[in-house]
Amino acid sequence: MCGIVGLFLKDKALEPQLGSLLTKMLITMTDRGPDSAGIAIYSDNSIGNAKLVVQSDTPELDFAGLTDALIEAIGAPVTMKIASTHAVLNVPQSALETARAALKTINPALRIMSRGGSLEIYKEVGLPKDVAARFEIGQMSGSHGIGHTRMATESAVTTMGAHPFNTGDDQCLVHNGSLSNHASLRRKLRREGIHIETENDTEVGAAYLTWQMQNGATLGEALESSLDDLDGFFTFVVGTKDGFGVVRDPIACKPAVMAETDQYVAFGSEYRALVDLPGIEDARVWEPEPATVYFWSHADQPTQEKAA
């Protein structure tokens with residue numbers, strides 16, 4: 001049992017409230033998973049720049065001198081913003097993969113939480129209210145985001161075991177459920193060159209989508225394929241640079257509810273996660289159908305895709 005929330009803003013006037021709204025939604029889901037929590041925020045970034053969010057258990061030690069070391073390693077400008085145990089490193093988009101590889105050499109103890117042009121992931125062990133306060137999530141603005149509070153079943157309670165999981169540029173996933181074929185699929189994906197850090201089944205789900213899209217699938221197509229290739233029970237909420245998608249397995253035993261207005265699309269594991277959203281009393285509210293892919297994008301008109 002875990003708690004998932006997601007909020008996709010259509011109305012740019014709400015963007016300064018994204019962090020605050022998501023935080024309230026996730027705190028409401030605390031009793032669905034008190035082990036660890038995380039939030040992914042998508043916000044604008046300067047054209048040509050990218051972000052690497054890294055985590056350290058000893059930030060005072062590990063973040064000291066990190067900017068200079070990374071500048072020397074990649075031969076490009078780097079800036080850093082520290083937020084508790086996390087640091088957001090801004091690098092040129094063209095140097096993103098070089099910087100990611102360099103960090104492993106500079107300090108193998110650093111853990112990469114996310115990478116991309118607009119994505120920032122903050123996650124730690126602890127209750128949602130404490131994790132959100134630590135990183136001041138409530139003060140963040142953005143166009144959309146997803147969050148998760150975890151009750152561990154498939155792996156240890158650690159920072160790296162917390163959701164969301166990022167396995168591709170500006171792509172992340174949160175999950176409620178359990179994948180029964182994650183071990184064999186992890187081996188297959190690693191043979192295909194997909195980097196997987198943990199033994200968590202959810203990271204395998206995220207990596208599977210990354211692999212599908214690297215082979216030419218759209219997110220909608222990748223989510224449809226997951227219905228055939230992933231065994232177990234799951235509700236996925238996926239974030240991309242332009243939007244977010246939702247899919248439930250064919251049995252759909254994990255709870256889920258969605259709401260849509262002219263201002264936003266929202267997802268919650270339970271309706272109570274949505275009750276404080278503006279205009280919720282006038283929203284179209286529904287339970288997402290089993291084996292159905294839903295996806296909203298800022299790049300296109302909102303769409304809903306049915307799985308075969």
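Are any of the residues in the stretch 170-192 open to solvent by 10 Å² or more (accessible area, probe 1.4 Å), in contact with a helix residue (DSSP H, G or I) (Cβ under 7 Å, 6 or more places away or on another chain) and part of a loop (DSSP other than H, G, I, E, B)? Yes. Of all residues in the stretch 53-65, those satisfying the criterion of being within 25 Å of the chain's Cα centre (by Cα) and not acidic (Asp, Glu) are Val53, Val54, Gln55, Ser56, Thr58, Pro59, Phe63.
With the structure loaded, tell me whether Thr28 is under 27 Å from Phe267 (Cα atoms), buried (at least 23 other Cβ atoms within 10 Å of the Cβ), in the same structural domain as Ala266 (by TED's automatic domain parsing) and at pLDDT 95 or above or whether it fails that test. The answer is no for Thr28. Restricting attention to the stretch 193-213, the residues being under 17 Å from Asp249 (Cβ atoms), out of contact with any Lys or Arg (no Cβ under 7 Å at 6 or more places or on another chain) and buried (at least 23 other Cβ atoms within 10 Å of the Cβ) number 6. The helices (runs of 4 or more DSSP H) found wholly in the stretch 1-107 and carrying at least 2 residues that are in contact with a Ser or Thr (Cβ under 8 Å, 6 or more places away or on another chain) and within 28 Å of His298 (Cβ to Cβ) occupy 18-28. Residues in the stretch 149-169 that are touching a residue at least 60 places away in the same chain (Cβ under 8 Å) and under 19 Å from Leu223 (Cα atoms) were compared, and the one that is most open to solvent (accessible area, probe 1.4 Å) is Asp169.
Is it true that Phe8 is under 30 Å from Asp276 (Cβ atoms) and touching a residue at least 12 places away in the same chain (Cβ under 8 Å)? It is true that Phe8 is under 30 Å from Asp276 (Cβ atoms) and touching a residue at least 12 places away in the same chain (Cβ under 8 Å).
Every residue, every condition in (1) open to solvent by 40 Å² or more (accessible area, probe 1.4 Å); (2) farther than 23 Å from Lys24 by Cα; (3) at pLDDT below 95; (4) not assigned by TED's automatic domain parsing to the domain that holds Gly168, yes or no:
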{"site": "Leu230", "(1), (2), (3), (4)": "no, yes, no, no"}
{"site": "Thr235", "(1), (2), (3), (4)": "no, no, no, no"}
{"site": "Arg248", "(1), (2), (3), (4)": "no, yes, no, no"}
{"site": "Val257", "(1), (2), (3), (4)": "no, no, no, no"}
{"site": "Asp262", "(1), (2), (3), (4)": "yes, no, no, no"}
{"site": "Ala266", "(1), (2), (3), (4)": "no, no, no, no"}
{"site": "Ser269", "(1), (2), (3), (4)": "no, no, no, no"}
{"site": "Val275", "(1), (2), (3), (4)": "yes, no, no, no"}
{"site": "Val285", "(1), (2), (3), (4)": "yes, no, no, no"}
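For the stretch 128-159, residues that are part of a loop (DSSP other than H, G, I, E, B) and modelled with pLDDT of 95 or more total 5.
In the stretch 214-228, which residues are closer than 24 Å to Glu120 by Cβ and buried (at least 17 other Cβ atoms within 10 Å of the Cβ)? Leu219, Ala222, Leu223, listed by residue number. Identify all residues within the stretch 256-286 that are aliphatic (A, V, I, L, M) and either in contact with a Cys (Cβ under 6 Å, 6 or more places away or on another chain) or assigned to a loop (DSSP other than H, G, I, E, B) (or both); write none if there are none. Passing the criteria: Ala256, Leu274, Val275, Leu277, Ala283.
The values are calculated or read from the model by the stated rules, or taken from the named source; none is laboratory data. In this text, all values refer to a predicted model and were calculated from it rather than measured experimentally. Cβ sites come from the backbone with ideal geometry, for glycine too, and all protein chains shown count toward neighbours. Heavy atoms of the whole protein, side chains included, go into the accessibility calculation; ligands, DNA and RNA do not. Shrake-Rupley method; radii C 1.70, N 1.55, O 1.52, S 1.80 Å.
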